[in-house]
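Undergrad: Before anything else, here's the structure in question.
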Amino acid sequence: MREAGQFVDITLVFGEQRIACHKVILAGMCEYFHRMFLTNMLESESKEVVMEGISATIGCLLVDYIYTGCIKITTQNAQDLLAASEMFFLGSLKLIVEEFLCTHTESTNCVSTINLARIYDMKTLLADAKKYLYEHVNEVIDTEEVHLLQEEDLVGVLEANGSQEDNFCFLQKWMR
């Protein structure tokens with residue numbers, strides 16, 4: 001019905017992208033829209049709502065997710081989807097993104113993943129990414145993002161590693 005434009009009563013605007021939707025579906029599936037449409041906010045009477053801070057690509061994915069419960073997550077869109085899941089109070093989407101990130105942690109992104117997990121309070125992802133860091137410290141040490149490692153994580157790596165020589169090298173690279 002949405003694609004056919006039947007009974008749509010609101011248009012969401014993500015950048016240049018306009019998406020016709022049904023308020024009742026948005027409000028029923030998403031706490032953000034529920035609060036928006038069922039309170040005295042200006043948007044509750046509007047026919048169009050501009051969604052600031054969300055790209056057209058992410059906006060289309062979010063609307064499809066709200067309508068279908070399905071979403072295509074990639075390494076390129078995962079962080080933006082995570083931010084949007086927080087903005088729209090979509091806890092189920094946040095869990096899906098967390099599961100995706102847990103399966104896509106590697107030496108080139110594990111430090112960023114640890115930091116992202118902290119920002120969004122994702123305990124499973126944090127534990128998995130730290131485990132990966134400790135198990136692959138010799139690979140992570142040669143990545144561009146090693147300097148992004150927070151002090152508490154650095155201490156954890158040093159404590160977990162028995163080699164003083166490796167620890168010294170790790171400290172040198174972390175400080176650069």
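The values are calculated or read from the model by the stated rules, or taken from the named source; none is laboratory data. Everything numeric here is computed off the predicted structure, so don't read it as measured data. Reconstructed Cβ throughout: ideal geometry from the backbone, glycine too, with neighbour counts over all protein chains shown.
Undergrad: Determine the pairs where a residue that is within 13 Å of residue 52 (Cα to Cα), located within segment 11-26, has a partner that is in a loop (DSSP other than H, G, I, E, B) and of a type outside the set (Phe, Trp, Tyr) with Cβ atoms under 7 Å apart, the partner being 6 or more residues away or on another chain.
TA: Close Cβ pairs (under 7 Å, with a partner that is in a loop (DSSP other than H, G, I, E, B) and of a type outside the set (Phe, Trp, Tyr)) amount to 12/51; 13/51; 14/51; 14/54; 14/55; 15/55.
Undergrad: Going by what's in this entry, would residue 62 be described as within 20 Å of residue 24 (Cβ to Cβ), more than 14 Å from the chain's Cα centre (by Cα) and among the aliphatic types (A, V, I, L, M)?
TA: So residue 62 does not fit the description; no.
Undergrad: Next question, about the same structure. Examine segment 120-130 for a residue that is without any contact (Cβ under 8 Å) to a residue 24 or more places away in the chain, among the basic types (Lys, Arg) and under 30 Å from residue 29 (Cα atoms), and state whether such a residue exists. Quick ask: steps written out before the conclusion?
TA: If we filter segment 120-130 for residues that are without any contact (Cβ under 8 Å) to a residue 24 or more places away in the chain, which is where we start, we get 121, 123, 126-127.
Restricting the remaining residues to those that are among the basic types (Lys, Arg) gives 123.
After this cut, where a residue has to be under 30 Å from residue 29 (Cα atoms) as well, the list is 123.
Taking every residue of segment 120-130 in turn, at least one turns out to be without any contact (Cβ under 8 Å) to a residue 24 or more places away in the chain, among the basic types (Lys, Arg) and under 30 Å from residue 29 (Cα atoms).
Undergrad: Only one of 127, 84 is within 22 Å of the chain's Cα centre (by Cα), under 24 Å from residue 51 (Cβ atoms) and aliphatic (A, V, I, L, M); which? Write out each step before concluding.
TA: Values: 127 fails: under 24 Å from residue 51 (Cβ atoms).
After applying the criteria, what remains is 84.
Undergrad: From (1) more than 30 Å from residue 152 (Cβ to Cβ); (2) modelled with pLDDT of 95 or more, pick out the condition that doesn't hold for residue 95.
TA: Exception for residue 95: condition (1).
Undergrad: Looking only at segment 69-78, decide whether some residue is polar (S, T, N, Q), over 30 Å from residue 110 (Cα atoms) and surrounded by fewer than 16 Cβ atoms within 10 Å (Cβ to Cβ).
TA: Checked against the condition, which is being polar (S, T, N, Q), over 30 Å from residue 110 (Cα atoms) and surrounded by fewer than 16 Cβ atoms within 10 Å (Cβ to Cβ), segment 69-78 yields no hits at all.
Undergrad: Take the residues of segment 112-145 that are modelled with pLDDT of 95 or more and outside any helix (DSSP H, G or I): which is surrounded by the most Cβ atoms within 10 Å (Cβ to Cβ)?
TA: Taking the candidates together, the pick is 122.
Undergrad: Count, please, the residues in segment 96-116 that happen to be within 18 Å of residue 160 (Cβ to Cβ) and among the small types (Gly, Ala, Ser).
TA: Restricting attention to segment 96-116, the residues satisfying the condition of being within 18 Å of residue 160 (Cβ to Cβ) are 105, 107, 110-111, 113-114.
If we keep only those that are among the small types (Gly, Ala, Ser) too, we end up with 107.
Within segment 96-116, residues that are within 18 Å of residue 160 (Cβ to Cβ) and among the small types (Gly, Ala, Ser) number 1.
Undergrad: Among the residues of segment 103-111, are any modelled with pLDDT of 90 or more, part of a helix (DSSP H, G or I) and not hydroxyl-bearing (Ser, Thr, Tyr)?
TA: yes
Undergrad: Residue pairs, Cβ under 7 Å, 6 or more apart or interchain, first in segment 134-155 and of a type in the set (Asp, Glu), second assigned to a loop (DSSP other than H, G, I, E, B). List them.
TA: Taking only residues 6 or more apart or on different chains, the pairs are 139/107.
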